[in-house]
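For reference, the structure discussed in these notes is given below.
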Amino acid sequence: MKLENIKSELNKLKNNNNLRSLKSYPNNLLNLSSNDYMGLAEDNILRKEFYLKYSNLPLSSSSSRLITGNFPLIEELEKKLKDIYGKSALTFNSGFDGNCCIIETFCNKDTLVLSDKLNHASIHDGIIHSGAKLHRYRHLDLDHLESLILKYKDEFSDIFVISETIYSMDGDSVDLEKLINLKKKYNFTLMIDEAHSYGVYSYGMAYELNLVEFIDFLIIPLGKGGGSIGAYLLTDKILKEYIINKGRKFIYTTALPPINIAWNLFLLEKMNSFQVPRNNLNELILYTHNLIKEFNLTTFSTSHIISILVGSNEKIDIICKNLIEKGFLVYPVKEPTVPKGTSRIRIGLNPNISQNDIYNFLKELKYELNSIL
Ligand SMILES: Cc1ncc(COP(=O)(O)O)c(C=O)c1O
């Protein structure tokens, strides 16, 4: 930890146009970078209704769940989740904590973890901390996953497979039915992360496809389409009990404040009723994908998350700066978040964005891409 080394690392990042910094922007820009896919976090009417119902809740829980932080609202929330999903529920303070905790608690040096190459950093960190043997299969390539299972199944009795549903950087999705069929065939432990599908798919993709019962660990981070903070885990009763006893990132942390738990409960109870914004979002997704084809732009996306590949860090910085000046709030996504040379402009659609907004944005983006070639 020598200061000269730290300075030199930062300089290297700067020279590669890859130095991160914290910025804030005026709120009159069209925000295309938010993960509030259902517009729930921004919904003033919903917020007013919430504060009328829950007017004076504490802003801290002041203790971990195992001491005095297990207040009745959390129990009510987890009971409601159990009624909906038919599995025991446990709340984590964040998706990052939840992913790390599950993997660290249930995997060890005798476990083989097979993880999609583009799984989130929290999944990767959990695997590294657990000491498990790791193989990453090609992104969404379930044939490659099966070949790895066949190769290693005699060597490892404990195989743990991890996938997300919709991927945050490419906006593409796993074939969940095919993955569950593999699970039925080979009987591995399956963990699924619904961070980018919850809300857009109401209670999530697994729920909509009636597949929850086959997933050992279904984790639902709430900071995106869930319009909140924290994460739900749906799992078997005995596995929940094990985390309560052994999961360090569950045990040794202050529970989410009652106000956040109440907001989670409030949204959960309404999640199925957001059909109008959900339909509007689906129409916008269709419109945007058609327009991307018309403008001859390239994306791997099939969903509300759309990445347009630019490639170089230098070009993407200029394009984003110009687009921000034109009123579109877009961030460049660079390595290490995405592989080197695949820097991209990533947008997240939501029902508050109009078709006209998207038309203007894509027109300007096309112009910028053509101008910089
Ligand atoms: C797939 C995925 N899982 C987990 C997380 C972490 O969730 P949280 O922001 O609640 O820590 C994220 C978000 O950043 C994510 O994209």
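Any read-out appearing in this document is the output of simple, stated calculations on the displayed coordinates, not a laboratory observation. Just so it is clear, the model here is predicted, and its values are computed rather than measured. We place every Cβ from the backbone using ideal geometry, glycine too, and count neighbours over all the protein chains shown.
For this structure, a couple of remarks:
- Here the convex hull built on the C-alpha positions of region 23-89 has a volume of 185 cubic angstrom per residue.
- Computed on the chain, the Cα convex hull volume stands at 166 Å³ per residue.
- What the Cβ-Cβ distance of SER21 and MET1 gives, at R0 = 25 Å and to the nearest 0.05, is a FRET efficiency of 0.70.
- Net length available on complete extension from LYS185 to SER64 is 39.6 nm, with 0.36 nm assigned per residue and the Cα-Cα distance removed.
- Between region 32-60 and region 292-343, the alpha-carbon center distance in angstrom: 29
- Cleavage-rule hits, chymotrypsin sites (Phe, Trp or Tyr not before Pro), region 171-277, DSSP coil, Cβ neighbours within 10 Å at most 12: TYR252
- In range of the label at ASP175: residues from region 304-345 whose backbone nitrogen is under 12 Å from the point 7 Å along Cα→Cβ: none
- Along region 362-367 the Karplus relation, 6.51 cos²θ - 1.76 cosθ + 1.60 evaluated at θ = phi - 60°, assigns HN-Hα couplings of 5, 4, 5, 4, 4, 4 Hz to successive residues, with x for each Gly and Pro.
- Loop-located trypsin sites (Lys or Arg not before Pro) in region 270-373 (DSSP state not H, G, I, E or B) with no more than 16 neighbouring Cβ atoms inside 10 Å: LYS326, LYS340.
- Selected from LYS183, LYS12, LYS87 as most flexible by GNM, with the chain as the system and alpha-carbon contacts under 10 Å: LYS12
- Rounded to the nearest Hz, the phi-derived 3J(HN,Hα) couplings of region 120-131 under the Karplus curve 6.51 cos²θ - 1.76 cosθ + 1.60 (θ = phi - 60°) are 4, 3, 5, 5, 4, 4, x, 5, 4, 5, 6, x, where x marks glycine and proline.
- Rounded to whole numbers, the Karplus 3J(HN,Hα) couplings from phi for region 22-32 are 8, 10, 10, 10, x, 8, 8, 7, 7, 7, 9 Hz, using 6.51 cos²θ - 1.76 cosθ + 1.60 with θ = phi - 60°, and x at Gly and Pro.
- Three principal axis lengths of region 80-205 [C-alpha, angstrom, descending]: 40, 29, 27
- Potential extension, LYS326-LEU286 segment - 0.36 nm per residue separation minus Cα distance: 11.9 nm
- Gain on full extension, evaluated as 0.36 nm per residue between ARG47 and TYR367 minus their Cα-Cα distance, stands at 111.3 nm.
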